[in-house]
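The values are calculated or read from the model by the stated rules, or taken from the named source; none is laboratory data. As the structure is a computational prediction, the values presented were derived from the model and not from experiment. Quick reminder, even Gly has a Cβ in these numbers, built from the backbone with ideal geometry, and neighbours come from all protein chains shown.
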Amino acid sequence: MSAPFAVFVTAIGGPEVLKARPIEMPTPAADEVVIKQTAVAVNFVDIYLRAGQPHSHNPTPPFIPGVSGIGRVIAIGSNVRELSVGDKATYTNAGVGSYCTHVVLPAERVIPVPEALNDVRVAAGLVRTLTSQYLLKKMRPLAPGTRILIHAAAGGVGQILVQWAKRLGLIVIATAGSDTKINTALELGADFAINYRTHDFVTEVHRITEGKGVSVVFDSVGKDTFDGSVKCLESRGLVVNYGTASGQVEGFKLQDLHSKSLWVCRPTLKTYVADRAEMLAMSKEAFEMLGDASIRLDIETVLPLSQASEAHRLLEGRSTQGAIVLIPDELFIKK
C-alpha cells in the first residue's frame, strides 16, 4: 500500500501553491471513522479558499483543501454503530480537507453510498446534485411553467440544474460562454440558450419573455453577471448568487431592489446539510439522480491527486464543461 499523502495549500496564491506532502496514517477517535479514498471532488470553493477570496471560512495555510470525497471505511471508533469497515461512504462539508489519500472525520458527517453507484460519478456529482436540489427545492416554491434563468448552464452545477429544472416543468433560459456550451445547454433540455459573450443576455431575456422577465436567476458567475441578473427579474423576482467564478459581487446598491420589490440571497450548501437527518434525506434523492443513467453528468478529466494544481488551472480557466475528479495516484497508475 502506498504511503498516505495530502495536497496542501502552502500559501495563498495561484495553483502553484498546491503541494503534495506525506501525512501520517490517521486513526479514529471514538466517534470518528477513517476513509481510504477512491475519488476526490474538485469544486470552485477549493479555488476560492486557495486564492484567499472571502468566504464563510478562510483557513490559514498550510491547509488541505477540498470538501468532498468517496472511498471505503477502513477503521471506526469505539462509539460508531451505524458504519462498518468496508462500507462505501462519502461526505461533504465535514470540516476536513478532502485532497488526501486517507481522511478521518466525524461519523455523523459520513454518508453511506449505494454499492451500485460509480465512485467517480459520485465524486463528480454529489456536491453539484445537492446544490441543485436546495436551489430548486428549498429557496422558494417553483411551480411548473415558472420562468428561470441559469447562468453557466453547461458547467458542473449548471448541467444538473438544467436537467432537474426541466423535470420540475420549469421554463429554462440558459447562458453560457461559447457556442459549444450553448449547444450543450440545449441538449440538456434548456428551452432557450444565450451566448453571453456575443449577446447581451439582459436584452435577450426580455426578448424571450416579451418583457416580463424571469422569476428566479441562478447565478454562479458573480461579478460579471450579477447586475444583469437583477435586471432580468420580474416583479418580486429573486437572484440566487451561489457562486463567484468571475469574482466577488461588490458595490451593490440595496435600493436597486426597491422599484420591483426584488430579492437577492447568497446561500451555501454547508447550511443545508448541517443537520444529519436533512443531509441523509437530501443525499438519498441525490443518489437517485446520480444513479439515473439518463441524467447527463459530463466529466471533463480525471487526474492523479498529486496533479491537483493542474485541476485548478483547468477549472479556474473557465474553459471546462464538466467536472474534474482527482483519484489517488496509486489507483490512477492501476487504471
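Any residue at all in segment 173-190 that is assigned to a loop (DSSP other than H, G, I, E, B), hydrophobic (A, V, I, L, M, F, W, C), more than 19 Å from the chain's Cα centre (by Cα) and closer than 19 Å to CYS265 by Cα? Outline the logic, then answer.
Of segment 173-190, the ones assigned to a loop (DSSP other than H, G, I, E, B) are 177-178, 189-190.
Pick out the ones that are also hydrophobic (A, V, I, L, M, F, W, C) and you get 190.
Still in the list and also more than 19 Å from the chain's Cα centre (by Cα): 190.
Filter once more, keeping what is closer than 19 Å to CYS265 by Cα: none.
The answer is no, given that none of the residues of segment 173-190 is assigned to a loop (DSSP other than H, G, I, E, B), hydrophobic (A, V, I, L, M, F, W, C), more than 19 Å from the chain's Cα centre (by Cα) and closer than 19 Å to CYS265 by Cα.
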Could you figure out which of (1) part of a helix (DSSP H, G or I); (2) surrounded by fewer than 19 Cβ atoms within 10 Å (Cβ to Cβ); (3) charged (D, E, K, R) isn't true of ARG128?
-> (2)
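Residues checked against (1) exposed (fewer than 13 other Cβ atoms within 10 Å of the Cβ); (2) without any contact (Cβ under 8 Å) to a residue 60 or more places away in the chain; (3) touching a strand residue (DSSP E or B) at 6+ places or on another chain (Cβ under 8 Å):
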{"site": "VAL216", "(1), (2), (3)": "no, no, yes"}
{"site": "ASP219", "(1), (2), (3)": "no, no, yes"}
{"site": "THR225", "(1), (2), (3)": "no, no, yes"}
{"site": "LYS231", "(1), (2), (3)": "no, yes, no"}
{"site": "GLN248", "(1), (2), (3)": "no, no, no"}
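Quick check, is ILE47 at pLDDT below 95, under 30 Å from ASN241 (Cα atoms) and out of contact with any Ser or Thr (no Cβ under 8 Å at 6 or more places or on another chain)? Step through it out loud before you land on a result.
On the way: at pLDDT below 95: yes; under 30 Å from ASN241 (Cα atoms): yes; out of contact with any Ser or Thr (no Cβ under 8 Å at 6 or more places or on another chain): yes.
Yes; evaluated as a whole, the condition is true for this residue.
May I ask you to verify whether GLU82 is more than 19 Å from ARG128 (Cβ to Cβ), loosely packed, with under 15 Cβ neighbours inside 10 Å and either assigned by TED's automatic domain parsing to the domain that holds GLU330 or over 20 Å from the mean Cα position of the chain (by Cα) (or both)?
Working: more than 19 Å from ARG128 (Cβ to Cβ): yes; loosely packed, with under 15 Cβ neighbours inside 10 Å: yes; either assigned by TED's automatic domain parsing to the domain that holds GLU330 or over 20 Å from the mean Cα position of the chain (by Cα) (or both): yes.
Considered against the rule, which asks whether it is more than 19 Å from ARG128 (Cβ to Cβ), loosely packed, with under 15 Cβ neighbours inside 10 Å and either assigned by TED's automatic domain parsing to the domain that holds GLU330 or over 20 Å from the mean Cα position of the chain (by Cα) (or both), GLU82 comes out as yes.
Please count how many residues of segment 1-46 are in contact with a helix residue (DSSP H, G or I) (Cβ under 9 Å, 6 or more places away or on another chain) and outside any helix (DSSP H, G or I). Full working, then the answer.
Residues of segment 1-46 in contact with a helix residue (DSSP H, G or I) (Cβ under 9 Å, 6 or more places away or on another chain): 1-2, 5-20, 28, 31-33, 37-46.
Still in the running and outside any helix (DSSP H, G or I): 1-2, 5-14, 18-20, 28, 31-33, 37-43.
Residues in segment 1-46 being in contact with a helix residue (DSSP H, G or I) (Cβ under 9 Å, 6 or more places away or on another chain) and outside any helix (DSSP H, G or I): 26 in total.
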If the Cβ limit is 8 Å and pairs must be 6+ apart or interchain, which residue in segment 9-21 that is not assigned by TED's automatic domain parsing to the domain that holds THR60 pairs with which residue that is outside any helix (DSSP H, G or I) and surrounded by 13 or more Cβ atoms within 10 Å (Cβ to Cβ)?
-> none
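Yes or no, residue by residue, for (1) crowded, with 18+ Cβ neighbours inside 10 Å; (2) over 16 Å from the mean Cα position of the chain (by Cα):
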{"position": "LEU290", "(1), (2)": "yes, no"}
{"position": "ALA293", "(1), (2)": "no, yes"}
{"position": "GLU300", "(1), (2)": "yes, no"}
{"position": "LEU303", "(1), (2)": "yes, yes"}
{"position": "ALA308", "(1), (2)": "yes, yes"}
{"position": "HIS312", "(1), (2)": "yes, no"}
{"position": "GLY317", "(1), (2)": "no, yes"}
{"position": "LEU326", "(1), (2)": "yes, no"}
{"position": "ASP329", "(1), (2)": "no, yes"}
Per the filter on segment 260-298, residues in a loop (DSSP other than H, G, I, E, B), of a type in the set (S, T, N, Q) and modelled with pLDDT of 95 or more are SER261, SER294
Mind checking whether some residue in segment 287-306 is touching a residue at least 60 places away in the same chain (Cβ under 8 Å), assigned by TED's automatic domain parsing to the domain that holds ASP119 and polar (S, T, N, Q)?
-> yes
Selected residue (criterion: surrounded by the most Cβ atoms within 10 Å (Cβ to Cβ)) from residues of segment 85-110 that are more than 16 Å from THR38 (Cα to Cα) and within 18 Å of the chain's Cα centre (by Cα) = ALA94
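Going by what's in this entry, would THR180 be described as without any contact (Cβ under 8 Å) to a residue 24 or more places away in the chain, among the hydroxyl-bearing types (Ser, Thr, Tyr) and not assigned by TED's automatic domain parsing to the domain that holds LEU314?
On the way: without any contact (Cβ under 8 Å) to a residue 24 or more places away in the chain: no; among the hydroxyl-bearing types (Ser, Thr, Tyr): yes; not assigned by TED's automatic domain parsing to the domain that holds LEU314: yes.
Against the criterion (without any contact (Cβ under 8 Å) to a residue 24 or more places away in the chain, among the hydroxyl-bearing types (Ser, Thr, Tyr) and not assigned by TED's automatic domain parsing to the domain that holds LEU314), THR180 does not qualify.
Any idea which residue in segment 200-212 is nearest to GLU300 (Cα to Cα), counting only those that are outside any helix (DSSP H, G or I) and over 27 Å from the mean Cα position of the chain (by Cα)?
Restricting attention to segment 200-212, the residues satisfying the condition of being outside any helix (DSSP H, G or I) are 200, 209-212.
Going one step further and asking which of them are over 27 Å from the mean Cα position of the chain (by Cα), we end up with 209-212.
On the way: THR209: 33, GLU210: 36, GLY211: 37, LYS212: 36 Å.
In this case the residue turns out to be THR209.
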So how many residues does segment 12-50 have that are of a type in the set (Gly, Ala, Ser) and exposed (fewer than 15 other Cβ atoms within 10 Å of the Cβ)?
-> 4
Just to be sure, is ARG236 of a type in the set (D, E, K, R), surrounded by fewer than 20 Cβ atoms within 10 Å (Cβ to Cβ) and farther than 18 Å from PRO144 by Cβ?
-> yes
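Could you tell me whether GLY158 is outside any strand (DSSP E or B), small (Gly, Ala, Ser) and in contact (Cβ under 8 Å) with a residue 40 or more places away in the chain? Step through it out loud before you land on a result.
Numbers: outside any strand (DSSP E or B): yes; small (Gly, Ala, Ser): yes; in contact (Cβ under 8 Å) with a residue 40 or more places away in the chain: yes.
Spelling it out, GLY158 is indeed outside any strand (DSSP E or B), small (Gly, Ala, Ser) and in contact (Cβ under 8 Å) with a residue 40 or more places away in the chain.
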Where PHE252 falls short, out of the listed (1) closer than 30 Å to GLY317 by Cα; (2) within 22 Å of the chain's Cα centre (by Cα); (3) of a type in the set (A, V, I, L, M, F, W, C) = (2)
